[in-house]
1. So who's got an amide H within less than 5 Å of the one on TYR186, skipping anything under 5 residues away but keeping other chains? H placed 1.01 Å off N, in plane.
2. Whole number please: convex hull volume per residue, Cα atoms of the range 38-187, in Å³.
3. Run through the DSSP bridge list for the range 38-187 and note the antiparallel percent, rounded to the nearest 5.
4. With charges only on Cβ, +1 for K and R and -1 for D and E, what is the dipole size of the range 38-187 about its Cα centre, in debye, rounded to 20?
5. What residues have an amide H closer than 5 Å to that of GLY68, excluding those fewer than 5 places away on the same chain, when H is modeled at 1.01 Å from N in the peptide plane?
6. For the residue pair ASP131 and ASN39, what label-to-label distance in nm results when each label sits 7 Å from Cα along the Cα-to-beta-carbon direction?
7. Please give the length that would be gained between ALA50 and ASN96 if that part of the chain were fully extended, namely 0.36 nm times their separation in residues minus their C-alpha to C-alpha distance (nm, one decimal).
8. Hey, how many Å between the Cα centroid of the range 143-186 and the Cα centroid of the range 56-85?
Amino acid sequence: MKIIKQNFKNLQIAALLLVVALLQNCKKEAAHTLASTPNQGMYALINDTAWTAVTVTASLEYGGFSTGKTFTCRGTMGGKIIELIAAQNNVSAGNNFPLGPANGELASFGYYIEPIHRQLTEQNPTLGTTDGASLVITAIDTAHKLISGTFTFPQADSAYDAFGNVTAVQNNQIANGFFKQVPYVYHP
């Protein structure tokens, strides 16, 4: 009888060890699983940390043939804002915008932490001509007024002392950004 009790106890310990090993293996796999990206809205990696906008607004404004159209897309989450601006000169009115890269002198990118102008800190937009800055319009549905695209850009914020001297520079990298199926408002 003692042998049966001893064997039963050994089986219980072995079963317990097996369950613990299985649970630890499940935890390891869950830790390496990446969160899925949204199917709609705005998303980016900010310094390798996932950021998903809670609110996203977009507009396309026509200012006349000589001033052209300006596309603006702004996403906010908590106290962080990503703002994309692209312009197109010498074009006629209409709620469309060309597909493809929108980089260059007529584009700017911003990553801002509220309050936007913190005391003695300047948060400047990144110009579209900056190395590593990219905005690509991938789709536009003019019937339903939905727009999609991708973006990436570096951002540098400078901190100043009371005499206007730069005391620190915070470099940020906004990568793998996209906006999908974002409704936009057209202002003729």
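1. LEU60
2. Numbers: hull volume 17.6 nm³, N = 150.
Given the Cα convex hull of the range 38-187, per-residue volume reads 118 Å³.
3. Numbers: 60 of 63 bridges.
Antiparallel: roughly 95 percent of the beta bridges in the range 38-187.
4. Details: 6 positive and 10 negative charges, 85 e Å.
Taking the Cα centre of the range 38-187 as origin, the dipole is about 400 debye.
5. Here the answer is GLY63, ASN90, VAL91, since their amide H atoms fall under 5 Å of that of GLY68.
6. It is 4.0 nm.
7. Numbers: separation 46, 0.36 × 46 = 16.56 nm, distance 3.02 nm.
The span from ALA50 to ASN96 would gain 13.5 nm if fully extended.
8. Value for the Cα centre distance between the two parts: 12 Å.
Read-outs throughout are calculated quantities, based only on the coordinates presented, and are distinct from any laboratory measurement. Given the structure is predicted, the values throughout are model-derived calculations rather than measurements. Backbone-built Cβ (ideal geometry, glycine too); neighbour counts: all protein chains shown.
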